[in-house]
1. Could you line up 271, 175 from fewest to most neighbouring Cβ atoms inside 10 Å?
2. Measuring from label point to label point, each 7 Å out along Cα→Cβ, what is the residue 173 to residue 47 span in nm?
3. Enter the angle in degrees (range 0 to 90, nearest 10) between the Cα long axis of helix 287-304 and the first principal axis of the Cα atoms of the chain, meaning the one along which they spread out most.
4. Among 46, 169, 217, whose mean-square fluctuation peaks in a Gaussian network model of the chain (Cα, cutoff 10 Å)?
5. I need to check one value: relative contact order of the chain, counting alpha carbon pairs closer than 8 Å and at least 6 residues apart, in percent.
6. Return, ordered by residue number, the residues of region 107-130 whose backbone nitrogen is under 20 Å from a label point located 7 Å along Cα→Cβ of residue 180.
7. Rounded to the nearest 500, what is the 222 nm mean residue ellipticity of the chain from helices alone, with -39500 (n - 2.57) per DSSP H run of 4+ residues and division by all residues?
8. Using alpha-carbon positions, what is the distance between the centroids of region 239-286 and region 74-127, in Å?
């Protein structure tokens, strides 16, 4: 009979328990909302960058910013999110043991990012590898998880979620040859924004799976792109005393910057995704690209406050 579909719902509210303080009246949306971000993104596109952007208001269930949000682009490490969803779902249904040990000697080697390669401990349980993949972008940990659940299972999970412009195509590699996929993962801003909306509202696969993923995403230490505007401590923001809620994941590789997440404050909550592909020779180490992400972050902060 096959596996039931798990199609993502439209943008939905973050539960009130995740918000801090009393809600205040919202400002009226106008065409001038996110004008600085739109200008920066337009300039980036005119300079040759490929951009996919989407911001959804979680309470209004409406898109408040979009631009080529259907366009599939390389997303680098952001592609581990569907992988982590598959891992969490298997933890939840008992088909995968979170305590199962994995030896890195049997994992496809990669040295791009992460801490496991530098640890003396060569064997870690699956649950710890999920934390490393989510929090530090550990590519070796991600490869270990992918090797355990299998690429076909992650692809099937993506299909059941109803994501048609999102794909995990390969494990992470230090270099890619002519027989390898050109990128490990693809995705569109629209689908990643809706995916994070579903995670925040406990509607991705199940409430328990969503809660597990949200917990992992709240540990992300790369706050250098959109999330730079929050001023949060990169190493300790899961329970920020100001009540600001951030769940996010980034992706970085040569010529690619990507971030998707949820940002919620006293006035509003949003899910967002910004993906940029660019020619590194036209930009100084992607510095201008990073500034565009931070501009979006500043306007998101203004919106949720």
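Every number in this text was worked out from the coordinates using simple rules, so none of it is lab data. Keep in mind that this is a model prediction, so the values were computed, not measured. No Cβ is skipped: glycine too gets one built from the backbone with ideal geometry, and neighbour counts run over all protein chains shown.
1. Arranged by neighbour count, lowest to highest, 271, 175 become 175, 271.
2. 3.0
3. 60
4. 46
5. Values: 630 pairs, mean separation 82.6, N = 305.
Relative contact order for the chain comes out at 27 percent.
6. 107-118
7. -10000 deg cm²/dmol
8. Centre-to-centre (Cα) distance: 22 Å.
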